[in-house]
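Please read the structure below before turning to the comments.
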Amino acid sequence: MNSKTEPTAPAHYDVVVIGGGAAGLSAATALARSRRSVLVVDAGQPRNAPAEGAHNVLGQDGVPPLDLLAAGRKEASGYGAEIRVDTAVSARHTGGALEVDLEESGPVRARRLILASGLVDELPDLPGVQEMWGRKVLHCPYCHGWEVRDQRVGVIGTSPMSVHQALLFRQLTADVTLFTHAMPELDSDATEQLGARQIRVVAAPVSGLRDEGDTGVTVVLDGAPEAELDAVVVAPRFHARADLYEQLGGTMTDHPLGAFIDSDPMGKTEVPGVWAAGNASDLSAMVMVASGAGVMAGAAVNADLVMEDVAAAVDARAGR
Ligand SMILES: Cc1cc2nc3c(=O)[nH]c(=O)nc-3n(C[C@H](O)[C@H](O)[C@H](O)COP(=O)(O)OP(=O)(O)OC[C@H]3O[C@@H](n4cnc5c(N)ncnc54)[C@H](O)[C@@H]3O)c2cc1C
């Protein structure tokens, strides 16, 4: 019989990790250091890719995001993890394992799956926002606040949370304007807080942003004069990438800021054999938090496999 015509069985790993960002690479390193066979599948689009540097990263503050991940890939593969540039498109339980279809390289199987696929920032649908995202259009005071200290910052209001965002950025600069845009009417508490911190309120809808190169960004308003600023703050809706999770029978959990994959503190989800880490399961996780969650998930998955192997060894020894 010609062996070339026989279908090849999918490669089988202890663990397949979906996503090679801070969470996925940290999980893979913990697992590979525990001598587990690990495949990291990564489509290569980490959330902070548009940013110049990643801040609040201990020991490497300001490191370019892609440089940090290149170092992480090197570390994980140094312990034997396999890193594959590909996209996981579907997943299922099959014969006691988890099978994942990869767009370019076909199916792979694993005993356990870690979803570290991050989230999608759903930005306000306004001209200029997507183009300047991560540079002059910001969301997180801890990621980029220091970089705009003492500058002219405008907050585009989309929910009552925008008041909180304006107050946070006021810690970094005295020049903050809140454009009420799509917010509900400010209540008396919010009005008092904004006034007490000298935050200007412009009650007008924003119709778009214009990039002014070295001189900043113009906010174009409907029915009010344009405003010239250095940076604009928006509040994206955070939507965890969870297609595979839903295909495996999981249900996403709603959150005031978006939707995520619920898990226990070690990353274990409601779907048997599936863990989650990083922004997929924690919408507010910054790089170091995502990385920490990845290490925890990797350790928890290793412990789970250890106990499965022990149970099998006990049965084998007893002749069961
Ligand atoms: C503009 C901006 C700036 C930021 N700046 C900072 C900062 O300065 N400091 C900080 O601590 N945090 C910062 N953050 C937050 C930071 O981006 C996140 O904390 C971090 O990216 C979370 O890591 P993660 O591994 O969970 O997800 P990600 O880094 O998003 O990685 C997920 C990976 O999974 C891949 N993937 C997704 N689905 C699939 C699939 N089906 N198959 C294969 N691969 C898949 C993606 O392509 C991606 O490479 C910033 C965020 C933004 C938006």
Taking the chain, the whole-percent share of alpha-carbon pairs separated by over 26 angstrom is 53
Sum of side-chain charges, L168 neighbourhood, beta-carbon under 14 Å (Lys, Arg +1; Asp, Glu -1)
+3
Antiparallel bridges, percent of DSSP beta bridges restricted to the range 132-236 (to nearest 5)
40
Packing rank of 310-319, 249-258, 129-138, where each peptide gets the mean count of other beta carbons within 10 Å, highest leading:
129-138, 249-258, 310-319
Averaging sequence separations of C-alpha pairs under 8 Å and six or more residues apart, then dividing by the length of the chain, give the relative contact order as a whole percent.
20
Would you kindly give the portion of the calculated P(r) for the range 124-233 that falls above 20 Å, as a percent of all Cα pairs?
32
Rounded to whole angstrom, the alpha-carbon centroid of the range 1-79 lies from that of the range 246-320 at a distance of 16
In whole Hz, with x marking every Gly and Pro, tabulate ³J(HN,Hα) for the range 53-62 from phi via Karplus 6.51 cos²θ - 1.76 cosθ + 1.60, θ = phi - 60°.
x, 9, 9, 6, 10, 4, x, 9, 4, x
Beta bridge orientation in the chain: antiparallel %, DSSP, nearest 5:
45
Long-range amide H partners of A276, meaning residues 5 or more apart or on another chain whose placed amide H is closer than 5 Å, are L115, K268, T269
Please list 3J(HN,Hα) in residue order for the range 76-89, calculated via the Karplus relation 6.51 cos²θ - 1.76 cosθ + 1.60 where θ = phi - 60°; whole Hz, with x for glycine and proline.
4, 6, x, 9, x, 5, 9, 10, 10, 7, 6, 10, 7, 10
Ignoring everything except DSSP H segments at least 4 long, calculate the 222 nm mean residue ellipticity for the chain; use -39,500 (n - 2.57) per segment, divide by total residues, nearest 500.
-8500 deg cm²/dmol
If amide H atoms are modeled at 1.01 Å from N in the peptide plane, then the residues at a separation of 5 or more from V202, or on another chain, having amide H under 5 Å from its own are L178, F179, T180
Residue by residue, what Karplus-based ³J(HN,Hα) values in Hz, rounded to whole numbers, does the range 115-124 have, using 6.51, -1.76 and 1.60 with θ = phi - 60° and x for Gly and Pro?
8, 10, 8, x, 9, 9, 7, 8, 8, x
Please identify every one of the trypsin sites (Lys or Arg not before Pro) in the range 12-99 that sits in a loop by DSSP and has no more than 16 other beta carbons within 10 Å of its own beta carbon.
R35
Two-site FRET efficiency, V220 against D67, from Cβ-Cβ distance with R₀ of 45 Å, rounded to 0.05:
0.80
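Any read-out appearing in this document is the output of simple, stated calculations on the displayed coordinates, not a laboratory observation. The model shown is predicted, which means the values in this text are computed figures rather than measured ones. Neighbour counts are summed over all protein chains in view; Cβ atoms, including those assigned to glycine, are modelled from backbone coordinates with ideal geometry.
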